[in-house]
1. Within the range 102-142, track down each residue that is part of a helix (DSSP H, G or I), open to solvent by less than 20 Å² (accessible area, probe 1.4 Å), at pLDDT below 80 and under 25 Å from SER50 (Cβ atoms).
2. If ALA236 meets every condition in (1) within 25 Å of GLY68 (Cα to Cα); (2) free of Cβ contacts under 8 Å to residues at least 12 places away in the same chain; (3) in contact with a helix residue (DSSP H, G or I) (Cβ under 8 Å, 6 or more places away or on another chain) apart from one, which number is that one?
3. What's the number of the only condition in (1) over 20 Å from the mean Cα position of the chain (by Cα); (2) at pLDDT 95 or above that ASN226 fails to meet?
4. Could you look through the range 273-286, keep only residues that are surrounded by 11 or more Cβ atoms within 10 Å (Cβ to Cβ) and of a type outside the set (Lys, Arg), and pick out the one that is farthest from ASN234 (Cα to Cα)?
5. In the range 249-260, is there at least one residue being among the basic types (Lys, Arg), out of contact with any Ser or Thr (no Cβ under 7 Å at 6 or more places or on another chain) and over 30 Å from LEU82 (Cα atoms)?
6. Do we find a residue being assigned to a loop (DSSP other than H, G, I, E, B), without any contact (Cβ under 8 Å) to a residue 12 or more places away in the chain, within 30 Å of THR55 (Cα to Cα) and of a type outside the set (Phe, Trp, Tyr) anywhere in the range 262-281?
7. Output the number of the condition that ALA212 fails; it satisfies all remaining conditions of (1) at pLDDT 90 or above; (2) in contact with a Ser or Thr (Cβ under 9 Å, 6 or more places away or on another chain); (3) of a type in the set (Gly, Ala, Ser); (4) surrounded by fewer than 22 Cβ atoms within 10 Å (Cβ to Cβ).
8. Looking at the range 10-27, I want the residues that are more than 18 Å from LYS88 (Cβ to Cβ) and have a partner that is open to solvent by 90 Å² or more (accessible area, probe 1.4 Å) and in a helix (DSSP H, G or I) with Cβ atoms under 8 Å, at least 6 apart or on another chain. Which pairs are those?
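The values are calculated or read from the model by the stated rules, or taken from the named source; none is laboratory data. All values derive from a computational prediction rather than experimental measurement. A quick note on method: Cβ atoms are made from the backbone with ideal geometry, for glycine too, and the neighbour counts reach across all protein chains shown. Accessible surface areas use protein heavy atoms only, side chains included; no ligands, DNA or RNA. Shrake-Rupley method; radii C 1.70, N 1.55, O 1.52, S 1.80 Å.
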Amino acid sequence: MSASEQMTPELQTLAEALKAGERAALGRAITLVESKRPDHEDQAQQLLLSLTPATGKALRIGITGVPGVGKSTTIDTFGRNLTEAGHKVAVLAVDPTSQRSGGSILGDKTRMTALASDQNAFIRPSPTGSTLGGVTRRTRETMLLCEAAGFDIIIVETVGIGQSETAVADMVDFFLVLMLPGAGDELQGIKKGVLEIADMIAVNKADGDNAARAVAAASEYRAAFNILTPQSPNWAPPVITVSGLKNQGLDTLWSEIERHREVLSGTGEFDARRKDQRVRWMWAMLEERMMTRFRQNETIKQRLPGLEAQVSEGRLTPVLAVRELLESAEKA
């Protein structure tokens, strides 16, 4: 039995409206995949399965950068350039910090004034109150819904810090790192891991008095790339200077993104990366579900506080504590 045959008439109507590009239907579908109700989750998975043939055609771009680097301004200008060229652009956020801080994506949305009022653009805040795993799952599924609704460019922005960069890199085709002028200071604070997963670095705010510093910074980043092993043997990450505020260099940014897709499609890496990402997603979801089920186990709930106390006080090693927990779970 196909997914569509299992769906209720209401879900089928929603799927058809979404594929027709109705924004209200897209909003309802996203609300469904973000819901934590078990019955809604089942409906969401049926909906996503039925929409699978309409997904996968968009170009997925991840963008990260330190606070103050100008992500919102750059995405706003870059996205508007794309819509003016005939594209439909969706901007999604991964913000695992929103539960604690309230998040900044709503502020970002209000700063993306051009895109927020553009009928060919769609901006979606990150789901609040979730772990990184929960946020990335819902962002991935929202990305698929946007693709089914006809958006051909999906921009995924990392708002949080830490593992969110790797999480976003694992769901996109092209990962852009925005940096500030002043490479000397930046290079000391930049994480090597972020450079290793970057497909390009763009030094932002390269205008006015910052222009010369941006060029110098770009030179420093190129030197940094020379001591790293690129993740693809067929792509050397370029370093460019841009100004999101002045709309300078963003045409070069887009041409490099298109060149990246052309090069990696020609070698088969583009499709291989997507296949690998789907499998990684499966394992990530499996680990998350298993951990949730493990923590909900009544026997584990009873044993955990005592074992944590023993480990904290040094009376039990972490390895032995884990062994006891697993043995308890197996007997339960």
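1. If the condition is that a residue be part of a helix (DSSP H, G or I), open to solvent by less than 20 Å² (accessible area, probe 1.4 Å), at pLDDT below 80 and under 25 Å from SER50 (Cβ atoms), then GLY134, VAL135, THR136 are the ones that fit.
2. (1)
3. Of everything listed in (1) over 20 Å from the mean Cα position of the chain (by Cα); (2) at pLDDT 95 or above, ASN226 misses just condition (2).
4. MET285
5. No, there is no match, as no residue in the range 249-260 is among the basic types (Lys, Arg), out of contact with any Ser or Thr (no Cβ under 7 Å at 6 or more places or on another chain) and over 30 Å from LEU82 (Cα atoms).
6. yes
7. Among (1) at pLDDT 90 or above; (2) in contact with a Ser or Thr (Cβ under 9 Å, 6 or more places away or on another chain); (3) of a type in the set (Gly, Ala, Ser); (4) surrounded by fewer than 22 Cβ atoms within 10 Å (Cβ to Cβ), the lone unmet condition for ALA212 is (2).
8. Listed by first residue and then by second, the contacts come to LEU14/ARG28.
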